[in-house]
Amino acid sequence: MQSYRIKKINFTDVFMWVVGAALLLLIVVGSFLTLQEEKYTAVQWFDLAVFGLAQGSVYALIALGYTLVYGILRMINFAHSEIFMSGAFIGYFAASSMQKSGFMQENPLLGILITFFVAMTTSTVLAVLLERIAYRPLRGAPRLVPLITAIGASFFLQYVFRGLFGTHNRAYPEIEIIKGTVPISGDFQIQKIQIVVILAAALMMALLVLFVQYTKTGKAMRAVSEDKAVAALMGIDVDKIIVNTFALGAALAGAAGVLYCFMFRIVTFYMGFIPGIKAFTAAVLGGIGNPAGAMLGGLFLGIFESLGPTLFLDGLGIPAPYQLKDVIAFTMLVMVLIFRPTGILGERLSKTKA
Amino acid sequence: MSLLSIENIHTYYGNIHALKGISLHIEKGEIVTLIGGNGAGKTTTLRTISGLLTPREGTIRLNGEDLSKYKAHEVVYKGISMVPEGRGVFARLTVTENLEMGAYSRKDTAEINRNMERVFSLFPRLKERRTQVSGTLSGGEQQMLATGRALMANPSVLLMDEPSMGLAPVLVELIFDIIQQINKEGTTILLVEQNALMALGIASRGYVMQTGQIVLSDTAEKLKADPTVQKAYLGME
């Protein structure tokens, strides 16, 4: 490995290593200075970390949709961010009407479950339609074609929602039961919403892993992702498995949509774009095609993005470092793509290609 | 009526006319072999029978039912399963999971378990490695797995594509013994082989293919004695 690197060494490689080393140095020095200043208390760091974990859980849920579809079709479903948005959007209508009628206040648990159900169903139905109408006819076409279609589908969904529901921001109803905080010890406390988000996401990811690992359909999904022709020879209806994969990823995205709204309490037609891109980043970070990687990548990105700006940049005297969180997230993506193109858990994928 | 009969099939890869009117038939309980050089169309024939390719013309009948309109995953339910060329084991699935995939078309759990036991008794090696990820198996073990996996569907006809490819001679012997044993237990086999001598050794009949056509068909004994076959495929002068 090492000698291989040395053989292929050239100016670009050297330049990238220098950039990488400089960034690393920046991170180390920045973190050191920030911590030395002691401007932030342990409680503040704790809050940032928990927020990062919650945000990362949402990224992880969305990232699973990208990675599952990629694993089976070797295609990036760029419309996935809009699947997430539409689930959140229609879930919002359910939640706000239940809030207005007083149902949410009387049966908060049931109300939340209904919101999830509506959002997940919306996302699933849309994704299945999208697969059927936009992607399936293009199966076997060059890889660029479905990619462009996916981007087109993404815009299509965005502008349908914009056309139907307008461009204004909608405030998500505040659900009484998940308001406020839970004390941990001393000054440490966690927002209830964050606990809900982290636990719900963890539960769904656990269910997904069990599904993929132990059910007949889950095993068939793994078989199809390795070799479609041989899977068909086993009697597996490959088209059906592909639909199932889209549906599964979309259901998770719908759930992520609700959780995202719980946290940020805003719904608009373009709300899918940034979380979608972030989740895609998370999927690549973890090693696209690998579900465990997507989860890991999501959590890592969430925490990195939450702690990073303050930790790395504050000490360097940069004002309002939190505004730079996207810069930090995408810089990390570029660095990962340069130094480890397969992502954190990417070995398995490169092995199958070999 | 033949168990499997193929009438005049024409298969294309895009514009390439790969099979130019293949006809063959297989009786219940036979081992029939398809021999021929590279690019003769042996694999294409198997892929057409299994439904991975759709013939533009011709019929494929299993017990009289036309299969040529069915897709690959439906053909398995009709009773044909295939050991693909290059084995095609699911490298990231365990041995047991691969076998379970072979039984995907089966609903009856008791029957699946019976088949699993049968595969494990044919290939004790697989039983030892059943929790292992298949990508870590040796070539011979992968061939055993691919064969066992195809048997899990309880096929009436088993299509085998180059089971000897890339295997050490000892393993080839072993695989061919197993093929005979499977056949004795009642599975009809269509065997595609580069190793024509071994294939003709266990088959009752054979077809010789050349550039998408069947040029010769006879009993295995007679093919072995045929001078053109000896020269072209058995390496004899």
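Since every read-out is calculated from the coordinates, none of them should be taken as a lab result. Quantities reported herein were computed from a predicted structural model and do not represent experimental measurements. Glycine gets a Cβ as well: all are built from the backbone with ideal geometry, and neighbour counts include every protein chain shown.
Structure notes:
- In terms of its alpha-carbon gyration tensor, the stretch A:10-343 comes out oblate; a/c meets the 1.5 threshold, while b/c is at least as large as a/b.
- Separation of the alpha carbons by more than 18 angstrom is noted, of A:216/B:107; A:219/A:240; A:219/B:69; B:127/B:184; B:28/B:78; A:278/A:325, for A:219/B:69; B:127/B:184.
- Taking the Cα centre of the stretch B:99-213 as origin and assigning +1 to Lys and Arg Cβ atoms and -1 to Asp and Glu Cβ atoms, the resulting dipole is close to 260 debye.
- Entry note, the protein assembly as shown: the mean residue ellipticity at 222 nm calculated from DSSP H runs of n ≥ 4, each adding -39500 (n - 2.57), is -19000 deg cm²/dmol after division by the residues and rounding to the nearest 500.
- Cα centroid of the stretch B:125-171 to Cα centroid of the stretch A:228-296, whole Å: 34 Å
- Peptide B:84-90 has a mean shielding of 4, counted as Cβ atoms of other protein chains within 10 Å of each residue's Cβ.
- DSSP loop trypsin sites (Lys or Arg not before Pro) with at most 12 other Cβ within 10 Å: longest gap in chain A: A:180-354
- Using R0 = 60 Å, the C-beta based FRET efficiency linking residue B:2 and residue A:117 works out to 0.65.
- Scaled against 2.2 N^0.38 Å for its residue count N, the alpha carbon radius of gyration of the stretch B:89-154 is 0.97.
- Residues whose amide H falls under 5 Å from that of residue B:28, counting only those 5 or more places apart or on a different chain, are B:3, with hydrogens built in the peptide plane.
- Set of lysines with alpha-carbon distance to residue B:231 below 18 Å, sequence-local pairs under 8 removed: B:222
- Mean Kyte hydropathy of 0.5 or more with a Cα span along the axis of at least 30 Å, helices from DSSP in chain A: A:11-37, A:42-73, A:108-130, A:144-165, A:192-214, A:238-264
- Whole-angstrom gap from the stretch A:60-104 to the stretch B:202-223, using each part's C-alpha centre: 58 Å
- Partner shielding of B:152-158 amounts to 1, given as the average count of beta-carbon atoms from other chains within 10 Å of each residue beta-carbon.
- Three-way shape label, the protein assembly as shown, alpha-carbon gyration tensor, a/c 1.5: prolate
- Over all other residues within a Cβ to Cβ distance under 12 Å of residue A:302, the charged ones net out to +1, with Lys and Arg as +1 and Asp and Glu as -1.
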